[in-house]
Amino acid sequence: MGMNINAELPRPAELKAEYPLSAEILKIKKDRDREIRDIFTGKSDRFVVIVGPCSADNEDSVCEYVSRLAKLNDKVSDRLMIIPRIYTNKPRTTGEGYKGMLHQPEPDQAPDLLAGIIAIRKLHTRAISESGLTAADEMLYPENRSYLDDILSYEAIGARSVENQQHRLTASSMDIPVGMKNPTSGDFSVMLNSVVAAQNSHNFIYRGMDVTTDGNDLAHVILRGGVDKYGTCIPNYHYEDLVRLLEMYRQRDLKNPAAIVDANHSNSNKQFKEQIRIVSEVLHSRRYNPELKQLIKGVMIESYLEEGCQKIDDHRIYGKSITDPCLGWDDTERLIYKIAEEC
């Protein structure tokens, strides 16, 4: 046979029982979820900033980063809703390379999925305890989200997953915002079809059970740029792109029209410093057009303690990305203050 069973993993309920959330964390999440819902439904005009490492690779450095964000959040919370990016699953185009803390709690050691599901739950729990901020993660594997569904306040579905039926249907079960990225082709219709699917009720198989979902009225789009047939990055954060998205939203009967602009990936061609300029342009477009101000709810930024990226070796720098390059802390701090002033 082509598949070998390495170990039987605990069920989500078992892991949650072993690593439960405190009453304090549950209250933090309830309050944060309510505030975030108010933004996506238009009751609040605060601007969302989803910011953090490309991939969470070390518990100590990620928690230090999130604690720094919490201090910033105290100063800008009247204008911004800061949601830390704690991405514990890393999609790989070819299937090679570091796949995130879920697979490898220690990046330079062999994969260990049992240790991984424990590590990511402990990481998210610790981050909330130390910072008071609930986080965003990517739903790379739909069945695995059950290990974290009581912790997260935001989830994203990536460009390579957004056309997948199981991702779309699972998103329809969530009671938190879920962002559907445009596919790598950049096609807006595919992305919006995913939002339609996520906002509606469905009956399907999930973790061996026959389930029916309620639909998620907070499903929305994330613009991350695309790639043409020649491999050239085609950004989609410009004013004309945002107006086109607004018109396509109008053509569909969707609840709570909303978009997040991912300032990195194919929008920046992975030139991480460009994120500063891209965010500035998005803010300008919102100020210029009141309808875009209502549609564009926030931005997504890749940032860590140290700027750039590095290889996985014996000389790794603490707080520096081992996947895509990120903004460093000083640039991030300045950018967040700038967003608060201009949004």
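The values are calculated or read from the model by the stated rules, or taken from the named source; none is laboratory data. None of the values given here were measured: they were computed from a predicted structure. Cβ coordinates were reconstructed from backbone atoms using ideal geometry, including for glycine residues, and neighbour counts include every protein chain displayed.
For segment 279-293, the criterion of being in a strand (DSSP E or B), surrounded by fewer than 20 Cβ atoms within 10 Å (Cβ to Cβ) and under 21 Å from the mean Cα position of the chain (by Cα) is satisfied by no residue at all. Listed by position, the strands (runs of 3 or more DSSP E) enclosed by segment 117-226 that each have at least 3 residues that are under 14 Å from T88 (Cα atoms) are 136-138, 154-157.
Scanning segment 104-125 for residues that are of a type outside the set (S, T, N, Q) and under 22 Å from I317 (Cβ atoms) gives P105, E106, P107, D108, A119, L123. Among the residues making up segment 294-329, a single one is in a loop (DSSP other than H, G, I, E, B), surrounded by fewer than 20 Cβ atoms within 10 Å (Cβ to Cβ) and of a type in the set (F, W, Y): Y318.
Residues in segment 12-19 include at least one that is assigned by TED's automatic domain parsing to the domain that holds I128, among the aromatic types (F, W, Y), touching a helix residue (DSSP H, G or I) at 6+ places or on another chain (Cβ under 8 Å) and surrounded by fewer than 20 Cβ atoms within 10 Å (Cβ to Cβ).
Contact map, segment 189-207: first residue in the same structural domain as S172 (by TED's automatic domain parsing), second residue among the hydrophobic types (A, V, I, L, M, F, W, C) and surrounded by fewer than 17 Cβ atoms within 10 Å (Cβ to Cβ), Cβ cut-off under 9 Å, separation 6 or more or different chains; pairs are S189/M248; L192/M248; H202/V211; N203/V211; F204/V211; I205/V211.
Residue-by-condition table, conditions (1) under 21 Å from Q166 (Cα atoms); (2) at pLDDT 95 or above:
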| residue | (1), (2) |
| --- | --- |
| I83 | no, yes |
| Y87 | yes, yes |
| R92 | yes, no |
| R121 | no, yes |
| E130 | no, yes |
| D137 | yes, yes |
| N144 | yes, no |
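Scan segment 76-88 and tell me whether some residue there is crowded, with 16+ Cβ neighbours inside 10 Å, of a type in the set (F, W, Y), in a loop (DSSP other than H, G, I, E, B) and touching a strand residue (DSSP E or B) at 6+ places or on another chain (Cβ under 7 Å). The answer is yes; a qualifying residue exists.
Scanning segment 278-295 for residues that are touching a Pro at 6+ places or on another chain (Cβ under 9 Å) and under 15 Å from A258 (Cα atoms) gives Q294, L295. When restricted to residues that are surrounded by fewer than 20 Cβ atoms within 10 Å (Cβ to Cβ) and under 19 Å from G231 (Cα atoms), segment 260-273 contains 3. Exactly one of these conditions fails for F47: (1) in contact with a helix residue (DSSP H, G or I) (Cβ under 9 Å, 6 or more places away or on another chain); (2) farther than 26 Å from L140 by Cβ; (3) surrounded by fewer than 12 Cβ atoms within 10 Å (Cβ to Cβ). Give me its number. Answer for F47: the failing condition is (3). Taking the criterion of being in contact with a Leu (Cβ under 9 Å, 6 or more places away or on another chain) and of a type in the set (K, R), the only residue of segment 161-184 that qualifies is K181.
No other residue among G186, G231 is under 26 Å from A263 (Cα atoms), free of Cβ contacts under 8 Å to residues at least 24 places away in the same chain and of a type in the set (G, A, S) apart from G231. Screening D228 with (1) under 14 Å from S194 (Cβ atoms); (2) out of contact with any helix residue (DSSP H, G or I) (no Cβ under 7 Å at 6 or more places or on another chain); (3) not aliphatic (A, V, I, L, M) gives one miss only, at (1).
The single residue among D210, D149 that is under 16 Å from the mean Cα position of the chain (by Cα) and not hydrophobic (A, V, I, L, M, F, W, C) turns out to be D149.
Is at least one residue of segment 21-43 of a type in the set (K, R), modelled with pLDDT of 95 or more, in a loop (DSSP other than H, G, I, E, B) and surrounded by 12 or more Cβ atoms within 10 Å (Cβ to Cβ)? No, because not a single residue in segment 21-43 is of a type in the set (K, R), modelled with pLDDT of 95 or more, in a loop (DSSP other than H, G, I, E, B) and surrounded by 12 or more Cβ atoms within 10 Å (Cβ to Cβ). Could you look through segment 65-74, keep only residues that are touching a residue at least 24 places away in the same chain (Cβ under 8 Å) and over 13 Å from S303 (Cβ atoms), and pick out the one that is surrounded by the most Cβ atoms within 10 Å (Cβ to Cβ)? It comes out as N73.
For segment 124-174, the set of residues classified as touching an Asp or Glu at 6+ places or on another chain (Cβ under 6 Å) and among the hydroxyl-bearing types (S, T, Y) consists of S153 only. A count restricted to segment 182-203 and to residues that are touching a Ser or Thr at 6+ places or on another chain (Cβ under 8 Å) and either farther than 28 Å from G298 by Cα or not β-branched (V, I, T) (or both) stands at 8.
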